[in-house]
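Student: Handing you this structure, nothing more for now.
The values are calculated or read from the model by the stated rules, or taken from the named source; none is laboratory data. Just so you know, these numbers come straight off a predicted model, no measurement behind them. We place every Cβ from the backbone using ideal geometry, glycine too, and count neighbours over all the protein chains shown. To get the accessible areas, we keep the full protein, side chains included, count just its heavy atoms, and leave off ligands, DNA and RNA. Shrake-Rupley method; radii C 1.70, N 1.55, O 1.52, S 1.80 Å.
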Amino acid sequence: MKALVLTAQWDPRPDYPLSDWERETGKAITGSSVWRYPQLRVEEVEEPTIKPDQVLIRVKACGVCGSDIHFYETDEDGYILYPGLTKFPTITGHEFSGQIVEVGSEVTDLKVGDMVTAEEMIWCGYCIPCRNGFPNHCTNLEEIGFTIPGAFAEYIAIGAKYCWKLNALMERFGDEEKVYEAGALVEPSSVAYNTIFERAGGFRPGAYVAVYGAGPIGLAAIAECKAAGAAKVIAFEISEPRLELAKKIGADYAFNPKEVTPHEVVMELTEGQGADLHVEAAGAPHITVPEMEKSLAINGKIAQVGRAATRVPMYLETLQVRRGQVFGAQGHSGHAIFPSVIRLMASGLIDMTQIITARYDLDNAVDAIAKSGDRTDGKIMVKPK
Ligand SMILES: [Zn+2]
Ligand SMILES: [Zn+2]
């Protein structure tokens, strides 16, 4: 089968404290300090075979994620930019949907022909965080497209327990192509859902929300906050096309932070009360969080989902005086997140397919990732034939 394979050289930076675990497993905890000279190529590889608890999925759509761009882009020393868990070579791609073409002997709740999407985080279910109900913090985590083969491919084998059926979307859209595109957007939308509703505990209908960054996660956050009854959603984003997408998906106001001072805008639009929830999806918390602090409502919340390996100046007095709270979020598994996002889509409360701005076939997957590097698109889809 055809697949987009990422190869890179294992070459830990001289100052990187490589652990015994990394040496034994060949997995880098901080990819950007270990993997050098990445190469992405569409190649012919062997079709995966399934274990008894797995299903084989024919991939129908797979979205390009910010992390895929960070595998492709390098710093001046040739290291990849992605700072997380990685093991190469592997097939990349993790925001996908497809149709089941084979089921393992132990699989009981899925059958050939089912339309599904799947979680990206292959949590073990046995470690202490998993057993305590925190699969997003599994200590034996594998990630499709990062440490094990992903979905920029014709087929992917994955555990049945990570799959979620898209039948309800078929009822809504009545069109397979559209179902698969929406299905491939469930994963990033779930990352936003986990941030807002699971980690930060949501907000009361009628709340004011500010979202910093209108890439796919920020756009999903905007749509979900509007669907959940936010009275005003105020978005900040430096790319003009993404500002338009922010408005299209539900933002009441969208500003370029290079043209306004965000905290002043938020204070003005909230009658001086501040936003009840601030979502950091820009990955620039050293710039955005100080703005959030100055426009935090009493009992307001700040939720960090953008990734940034940087320290942030915070004035904790603000949290005390304004009864503020800060939440860190990662992942999308557990907590009824995937099924809830599928329901939001099926009910029409959110339609994330509106953020798709380009489509490529698998042969041109490298171009799709290069195009995403412009950071002006909403979501770019790769669709194997
Ligand atoms: Zn992703
Ligand atoms: Zn675990």
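Student: Can you grab the distance from the C-alpha centre of the range 219-253 to the C-alpha centre of the range 307-350, Å, no decimals?
Tutor: That distance is 16 Å.
Student: Could you pull out the pairs from Lys258/Lys385; Lys87/Lys371; Lys111/Lys247 whose alpha carbons sit more than 30 Å apart here?
Tutor: Exceeds cut-off: Lys258/Lys385; Lys111/Lys247.
Student: Give the Cα extents of the range 172-306 along the principal axes, in whole Å, largest first.
Tutor: 46, 30, 24
Student: Right, another one. For a test of the definition: using alpha carbon positions, the gyration tensor, and the 1.5 limit on a/c, classify the range 1-149 as rounded, prolate or oblate.
Tutor: oblate
Student: For the range 71-147, compute Rh as the Kirkwood radius over C-alpha pairs and then the Stokes-Einstein diffusion coefficient at 10 °C and 1.306 mPa s; write the answer in µm²/s, rounded to an integer. Could the numbers behind the result be given before it?
Tutor: Values: Rh = 15.0 Å.
Approximately 106 µm²/s, per Stokes-Einstein.
Student: Let me ask something additional. What aspartates and glutamates sit close enough to Lys294 to cross-link, taking a C-alpha to C-alpha distance under 20 Å and skipping anything fewer than 8 places away on the same chain?
Tutor: The reachable aspartates and glutamates, counting only those whose Cα sits under 20 Å from Lys294, are Glu237, Glu259, Glu264, Glu268, Glu271, Asp276, Glu280, Glu317.
Student: Can you give the accessible area per residue of the chain, in Å², using a 1.4 Å probe?
Tutor: Computed with neighbouring chains in place, this is 43 Å² per residue.
Student: Then there is this: Magnitude of the Cβ-charge dipole of the chain, K/R +1 and D/E -1, about the Cα centre, nearest 20 debye?
Tutor: Here the size comes out at about 840 debye.
Student: Kirkwood hydrodynamic radius, the chain, all distinct C-alpha pairs: what's the number in Å?
Tutor: Numbers: mean 1/r = 0.0471 Å⁻¹.
Over the chain, the inverse of the mean reciprocal pair distance is 21.2 Å.
Student: If I compute solvent accessible area with a 1.4 Å probe over the protein chains, what percent of it on the chain is carbon and sulfur? Spell out each step's value before the answer.
Tutor: Details: 8210 of 16480 Å².
Whole-percent figure for carbon plus sulfur exposure: 50.
Student: Based on the alpha-carbon gyration tensor of the range 244-385 and its eigenvalue square roots a ≥ b ≥ c, which shape applies: rounded if a/c is under 1.5, prolate if not and a/b is larger than b/c, or oblate?
Tutor: prolate
Student: I'd like the antiparallel share, as a percent to the nearest 5, of DSSP beta bridges with both residues in the chain.
Tutor: Values: 37 of 63 bridges.
Antiparallel bridges make up about 60 percent of those DSSP assigns within the chain.
Student: Cross-link candidates for Lys301: which lysines have Cα within less than 17 Å, leaving aside residues fewer than 8 places away along the same chain?
Tutor: Cross-link targets: Lys226, Lys232.
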